[in-house]
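Asks: To start, I am sharing the structure in question, which I have written as structure tokens.
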Amino acid sequence: MTSTQGGTGESYLVTGGTGCIGAWVVRNLVRESIPVTVLTAHRRIDRLRLVLTEDELAMATLMDGDVADVGQLEAAARQSGANRLIHLAGMQLPLCAADPFEGSRVNVSGTVAVFEVARRVGIGTVVYASSAAVYGPAAHYQHAIVGDDDPLLPTSHYGVYKVANEQSARVWWANEGVASVGLRPHSVYGPGRDRGVTSKPTAAMIAAAAGRPYRIGFSGRYQFQFADDVAKAFVRASRLPATGAAVYNIGGSLFGIDQIIGAIEAVVPGASGQITADDATMPFPTGFDGATLQQVIGEIAETDLQEGVRRTIECYRAAIERGRLQPAEIDRILA
């Protein structure tokens, strides 16, 4: 069993720790010298290598396991000695549409397994990722910025699964006393954000780093949130007192796709005219009111857009130069 270190008595189990937000969560924890175990089904650690040094990566423990297999998950929780659990594992929007059966197994059954293991092991609070997909398109709402309690009107399997998880969390608290905090990011960008509907602005940054053209599949103005800022919100939420089953929107500033393209061109002048966008809109509200979450966990970090774009492009440039991001992988991201 992993012993707690760093003077805090904390030890974390992170599901989905090899994903975008997960990799940044791991980075934040190891930089605090806090023990963290990452449950991974595929051992794909390229996102971890993007944002962690090799020494930092060596501080994290990787354990093989399927989040929807309650036995494997419980074994990982007990072996790690975790007393905090951040649940980020899931299949994203395009993959859920292609295979809704597997999407349900991973997103819904996996979350049920997480709550059951928290109950069995005695982990006080589960912090889990919900999504902007629980809401419907902006036209479904009377105001552009929606609040935590606005109607949930999902238009995708993925959104329905996330609503199910929020309701499941409520039942686990009412019936079993398992506390939880669900966080709904809006549109995450930054190193590691290479999958999902809202990943296209990051793909444009990768294209610019690689000297390639790219067309973002939508336009409009949305709440783009830098991955490290979102990860910090998850870590801070995990340290809240264990009570209830709250769900909060993560707020932030609004940016137009044209502003993102301008920021890319400022970092890579050679990309001027090479990054374009379609006229389509995303099936989500324009943005979230994050005031309630800020009241609960305090002021949330917000990286300046130009700085976030610069950091993202520089990260991918370095990965390309070191051979960690091969042309075939760039092709997959930009496809």
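Asks: If I model a spin label at Glu54 and Glu314 as a point 7 Å from the Cα along the Cα→Cβ vector, what separation in nanometres do I get?
Replies: It is 2.2 nm.
Asks: Per DSSP helix of 4 or more residues, -39500 (n - 2.57); summed, then divided by the residues of the chain. What does that give at 222 nm, rounded to the nearest 500? Provide the component values of the computation, followed by the final result.
Replies: On the way: 14 runs with 142 residues, N = 335.
Computed mean residue ellipticity for the chain: -12500 deg cm²/dmol.
Asks: Turning to a different aspect of this structure: Can you tally the net charge around Gly177? Count Lys and Arg as +1, Asp and Glu as -1, for every other residue whose Cβ sits under 14 Å from the Cβ of Gly177.
Replies: +1
Asks: Near the amide H of Arg184, under 5 Å away, which other amide H atoms are found, from residues 5 or more places off or on another chain, if H is placed in the peptide plane?
Replies: Excluding prolines and chain starts, which carry no amide H, the hits are Ser130, Tyr248, Asn249, Ile250.
Asks: If you don't mind, another one. Using the alpha carbon gyration tensor of region 39-98, what are the three equivalent-ellipsoid semi-axes (square root of 5 times each eigenvalue), largest first, in whole Å? Please list the in-between numbers first.
Replies: On the way: eigenvalues 86, 73, 18 Å².
Largest first, region 39-98 gives 21, 19, 10 Å.
Asks: Going by amide H atoms built from the backbone, whose H comes under 5 Å of the H on Thr125, apart from near neighbours?
Replies: So Thr125 has HN proximity to Leu85.
Asks: Just rank Leu39, Leu152, Leu13, Leu325, fewest to most, by other beta-carbon atoms within 10 angstrom. Don't skip to the answer; put the middle values down first.
Replies: Details: Leu39 29, Leu152 18, Leu13 32, Leu325 23.
Result, fewest neighbours first: Leu152, Leu325, Leu39, Leu13.
Asks: Still on this model: Which percentage, to the nearest 5, of the DSSP beta bridges contained in the chain is antiparallel?
Replies: Values: 2 of 35 bridges.
Antiparallel bridges: around 5 percent, rounded to the nearest 5.
Asks: I'd like the Kirkwood hydrodynamic radius of region 169-311, using the inverse of the mean 1/r over distinct C-alpha pairs, in Å.
Replies: Numbers: mean 1/r = 0.0612 Å⁻¹.
Roughly 16.3 Å, rounded to one decimal.
Asks: What Kirkwood Rh does region 240-335 have if only Cα atoms enter the pairwise 1/r average? Answer in Å. The partial results should precede the final answer.
Replies: Numbers: mean 1/r = 0.0599 Å⁻¹.
With all distinct Cα pairs of region 240-335 included, I get 16.7 Å.
Asks: Once fully extended, how much extra length lies between Gln295 and Val171, figured as 0.36 nm per residue of separation less the alpha-carbon to alpha-carbon distance? If you can, show how the numbers build up before the last one.
Replies: On the way: separation 124, 0.36 × 124 = 44.64 nm, distance 2.46 nm.
In short, 42.2 nm is gained.
Asks: Still on this structure, I have one more. If one computes P(r) from the Cα atoms of region 25-174, what percent of pairs lie at distances over 24 Å? Show your work: numbers first, answer last.
Replies: Values: 4516 of 11175 pairs.
When all Cα pairs of region 25-174 are counted, 40 percent exceed 24 Å.
Asks: State the Cα centre-to-centre distance between region 164-198 and region 126-144 in whole Å.
Replies: 12
Asks: For q values of 0.08, 0.11, 0.12, 0.15 Å⁻¹, compute log₁₀ I(q)/I(0) with the Debye formula on a Cα-only model of the chain, without solvent.
Replies: -0.35, -0.67, -0.81, -1.30
Asks: Ranked by Cβ crowding within 10 angstrom, fewest neighbours first, how are Lys200, Lys162, Lys232 ordered? Intermediate results must be reported in sequence, preceding the final value.
Replies: Numbers: Lys200 24, Lys162 29, Lys232 17.
In increasing order of surrounding Cβ atoms, one gets Lys232, Lys200, Lys162.
Throughout, read-outs are computed from the coordinates displayed, never taken from laboratory work. None of these values were measured; they are calculated from a predicted model. Backbone-built Cβ (ideal geometry, glycine too); neighbour counts: all protein chains shown.
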